[in-house]
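Here the structure is laid out as structure tokens; the discussion comes afterwards.
The values are calculated or read from the model by the stated rules, or taken from the named source; none is laboratory data. It should be emphasised that the depicted structure is a prediction, and the values quoted were computed from it without experimental measurement. In this analysis, Cβ positions are derived from the backbone assuming ideal geometry, glycine residues included, and neighbour counts consider all displayed protein chains.
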Amino acid sequence: MSLRERYNLDSLGNRSQELVDEAIERLVDERAICTCEECVMDLVAWTLNHVTPRYYASLLSPLIPDMTLEQKVRVEIDLAISSGRKRLREHPHHA
Ligand SMILES: [Zn+2]
């Protein structure tokens, strides 16, 4: 029996991933990037690979978020999104 069959790990969350989703959602809404699935997925994957994961094991996010840590993660995300967008411009999936 696998770990995920034995335990309910659904409440495991990654704060970095939540912030990455929010940041890229904003870019999509503003049409600041190509909004095709391939480009968006590529940018999300690239960004997640360049941001420190912050997993938490709780149904609720911490009641009082650590603002210093949140700010650090946001800076990492901004940098990763910038390098990801540059990479997409230099190696586009399509014309
Ligand atoms: Zn595209």
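List of remarks:
- Whichever residue in region 58-82 is loosely packed, with under 13 Cβ neighbours inside 10 Å and among the small types (Gly, Ala, Ser) and, among such residues, is modelled with the highest pLDDT: SER82
- Just one of (1) surrounded by fewer than 17 Cβ atoms within 10 Å (Cβ to Cβ); (2) in a helix (DSSP H, G or I); (3) at pLDDT 95 or above; (4) hydroxyl-bearing (Ser, Thr, Tyr) fails for THR47. It is (1).
- Contacts under 7 angstrom Cβ, first residue in region 32-49 being without any contact (Cβ under 8 Å) to a residue 24 or more places away in the chain, partner surrounded by 12 or more Cβ atoms within 10 Å (Cβ to Cβ), 6 or more apart: THR35/VAL28; VAL40/ILE24; VAL40/VAL28
- Test: LEU19 is in a helix (DSSP H, G or I) and within 15 Å of the ligand (Cβ to nearest atom): no
- All of ARG85, ARG31, ARG89 fail the test of being loosely packed, with under 11 Cβ neighbours inside 10 Å, of a type in the set (Lys, Arg), within 16 Å of the ligand (Cβ to nearest atom) and modelled with pLDDT of 95 or more, apart from ARG31.
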